[in-house]
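Colleague: Below is one structure. I have some questions about it.
Derivation of every value follows stated rules applied to the coordinates shown; laboratory data play no part. Note that the structure is predicted; figures quoted are calculated from it, not measured. Glycine gets a Cβ as well: all are built from the backbone with ideal geometry, and neighbour counts include every protein chain shown.
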Amino acid sequence: MEHVNVPVALTYIGYMPNAPTHNFVMFTVFCFVFNHLLLKYKSEWWQKYNFALTAALDSGLAVSGIVGYFALQNVKPSWWGTREHCPLSSQPFAATVTK
């Protein structure tokens with residue numbers, strides 16, 4: 001624990017997106033393996049492939065975001081919030097309060 005900087009760790013947690021907890025755990029494990037274990041035990045491999053791995057992960061995220069946007073562009077979900085069956089939705093709020 002002497003090498004852990006608590007403010008940096010808490011800032012790191014604050015930058016995590018809203019996601020299930022298993023994403024946070026896998027993110028931490030992945031970062032630990034690639035930034036600590038490989039650097040410590042396989043330094044030559046880390047120096048050679050770390051930049052390529054980082055670029056591949058960033059590019060994959062960008063491409064999947066673009067593909068997801070276009071794939072879901074014409075999807076019209078049908079759930080209780082998208083149907084217009086509520087009688088109060090067509091009336092202004094003030095009109096229902098004054099009665």
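Colleague: Counting only other residues whose beta carbon sits under 12 Å from that of residue 38, what net charge do I get with K and R as +1, D and E as -1?
Modeller: Here the charged neighbours net out to +2.
Colleague: Mind giving me the nanometre distance, one decimal, between the label points for residue 49 and residue 67, set 7 Å out from Cα along Cα→Cβ?
Modeller: Taking the two extended label points, one gets 2.2 nm.
Colleague: Another one. Sorted by average packing, counted as other Cβ atoms within 10 angstrom per residue and highest first, what order do 61-72, 34-45 take?
Modeller: Top to bottom by mean Cβ count within 10 Å: 34-45, 61-72.
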